[in-house]
Structures are given as C-alpha cells and as structure tokens.
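Each remark here refers to the structure printed beneath this line.
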Amino acid sequence: MRRTSRRPAPPFPAALALLAALAAWTLAAAPAAALFKGPLYKPGEKVEITGLVTTPAGDPIDDVRVVLELSRKAFNFHKMWVTRGKVFKVSDTTNAKGEYTISFPWDDYYNEFDLVAGITVRGKDGDEFVELQRIDVEKRIEAASPAVVQVVIKNHEFIDKFRQFLATVDTPDEKRVYQDQGRPDKVETTTYADRQEVAWWYFDRGKVYRFVDGKLQKVEDFEPVQKL
C-alpha cells in the first residue's frame, strides 16, 4: 500500500486574525511614553507646541484657530476594531505674525496627537469650526518640548473669501440674516448707477435673500440643491 503524507494544516484564519488584533492592541494600548524614543515626560509636566501658520508662499495668517487634539487609540475586542477614546482639546489663535503656542499637562493615557488649524464661520446651526489642515504631531512631541510645527494652509483662499464677505456685512438686515442663516453658499453683487443689489444663495435650503443697498427686499424659494 502506498503511503501518502499529509502536510500540517495552515493555522486557522480566525486565530491569525486574533493574534494580529492582539498585537495591534498591545502596541496601541501601551502607554505613549513607553513607546517614545525621545525624552520621557513626567505626569503633569508642561509640554508645549509652537510655530507659525502660513500660506504655501510663507505669508503668515492671523486669527486662525489652532487646536491640539489628544486622544487614545486602542483595540476593542467587542467590536473587533481599533477605537478612539474621548478627545481632549486645547487651542490658541494666531497673532498678526501667524504665531501660536499651545501647552498641556502630560498624561501617559494619550497616544495620539493631532494638530488642527481652521476658522470659525456661522452656519445654519450656529458657529462651526471649518478644518483646513490636520497634522500628526506625535513624533514632534516625542522629540522635544517645545515642539516646533509650521502649519501650511493650502486652501487659504477660503479664509480670504470668507473675510472679504464678512467685511461687507455691515447693515442691520445683513447682520440679522447672517446670524440666522450663516455663511451663504454664493454671493452675487450687481452695481448700478443708483444702487447696489446683492443676492445671498443658500442652495441646500432652497432660499435666496436679495438686498438693495444693504436692505433686505425679498426672500425667494427654489428647489433645494443638496451638497455632494
């Protein structure tokens, strides 16, 4: 009788997945300080991050909110994926030179550090923070304190257009509509010899507000257009 040899069966896929998940959880759940290659911070020690917010050309951008988000990433066995815990935020606003400085007390609990830059605009549900740039600054914070990070906002035209729009909102009617409806999706301005007509379009709400010399004349409804 011819004998046949059997090769060992490959490891069960679920077991491999479990081992991979356990390795990921071990790495993510370990205290951040234990993974650092740079200086170790003591609990409660002041850690600082500072720098500039600029355009790609290097021009400073003032009055930009810079937020440092600290959170903890760990593997959740119940959900079988990596989850992010409660986010702790601390922020500063850039000065005329585009400078910002943020400090926070060190806590080994956190192992994720993101720096977010943006501006606050008025939306239909109140003030909204529009994120324009996000940077993973974990390695910068590992290396030294203060950590120096330059934030380059590529879409700085958004800031320029919004500020130009705000500069035109100066009558009681315009201020009231802006507070109630927020920043319009589109602004159309037509200047005549004896007057100036301005239309504020809100596509997702199906409304256009028409002003003449800053006074609200009428509100027109149309079929709402949902944003992609």
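The values are calculated or read from the model by the stated rules, or taken from the named source; none is laboratory data. Not measured: the values here are computed from a predicted model. Neighbour counts are summed over all protein chains in view; Cβ atoms, including those assigned to glycine, are modelled from backbone coordinates with ideal geometry.
Selection of the range 169-184 for residues being surrounded by 14 or more Cβ atoms within 10 Å (Cβ to Cβ) and either farther than 19 Å from Val130 by Cα or free of Cβ contacts under 8 Å to residues at least 40 places away in the same chain (or both) yields Val169, Thr171, Asp173, Glu174, Val177, Pro184. Can you name the residue in the range 193-208 that is of a type outside the set (Asp, Glu) and closer than 19 Å to Thr171 by Cα and is also surrounded by the fewest Cβ atoms within 10 Å (Cβ to Cβ) among such residues? Among those that are of a type outside the set (Asp, Glu) and closer than 19 Å to Thr171 by Cα, it is Arg195. When Ile141, Ile159 are screened for being assigned by TED's automatic domain parsing to the domain that holds Asn111 and either in contact (Cβ under 8 Å) with a residue 40 or more places away in the chain or assigned to a strand (DSSP E or B) (or both), only Ile141 passes. For the range 85-112, a residue qualifies if it is hydrophobic (A, V, I, L, M, F, W, C), surrounded by 18 or more Cβ atoms within 10 Å (Cβ to Cβ) and in contact with a Ser or Thr (Cβ under 8 Å, 6 or more places away or on another chain), and exactly one does: Ile102.
A single entry from Phe211, Phe165 fulfils the requirement of being of a type outside the set (D, E, K, R), surrounded by 15 or more Cβ atoms within 10 Å (Cβ to Cβ) and either in the same structural domain as Ile49 (by TED's automatic domain parsing) or not in a strand (DSSP E or B) (or both): Phe165.
Of the residues examined, Val169 is not one that is aliphatic (A, V, I, L, M) and touching a strand residue (DSSP E or B) at 6+ places or on another chain (Cβ under 6 Å). All conditions in (1) surrounded by 12 or more Cβ atoms within 10 Å (Cβ to Cβ); (2) more than 26 Å from Asp59 (Cα to Cα); (3) modelled with pLDDT of 95 or more; (4) of a type in the set (S, T, N, Q) hold for Gln133, with the sole exception of (2).
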